[in-house]
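Let me begin by presenting the structure, written as structure tokens, before commenting on it.
Please treat every number below as a calculation from the coordinates, not as lab data. Predicted, not measured: the structure shown is a model, and the values here were computed from it.
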Amino acid sequence: EVERLHDEVRTLRTENTELRRRPSAKESNRRVAELRKQVEELQECLRKRHPNSLLSLVKACEPPPEERREVRDLRGRCEELEAKLVERDTMYDRRVRSLRAQYDHLRHEYQRRAEGAGGP
């Protein structure tokens, strides 16, 4: 019977050392959480490289926020310049009309004087 007890003690000791080598529940939970985080990161990387839906494809093709902001600023600047151009065109049209009116007035005046001087 002593032999049997020694064998039992030996098996229990080996079993005990094997159990000690296994990670504790706290370590296991930490490792599981760490692996889940890695899986999520890898899935996100895959989604970025190989989008599987049309919406994801569209989002992947969108320019970054800085570029969108720059485009918005440039569009605003373009509208501003177009408004200034329209304003200048209007001003130059007025000036051309004014110069034409002056030219017509001076031409008529010259013709009237030429007719008056050449008549007698």
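Results, tabulated for the structure shown:
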quantity	calculated
Partners for K48 among lysines (Cα-Cα distance below 20 Å; same-chain residues under 8 apart left out)	K37, K59
Residue among R49, R36, R22 with the largest mean-square fluctuation in a Gaussian network model of the chain, springs linking Cα atoms under 10 Å	R22
Projected area, mean over directions - the chain, Cα convex hull, nm²	15.7
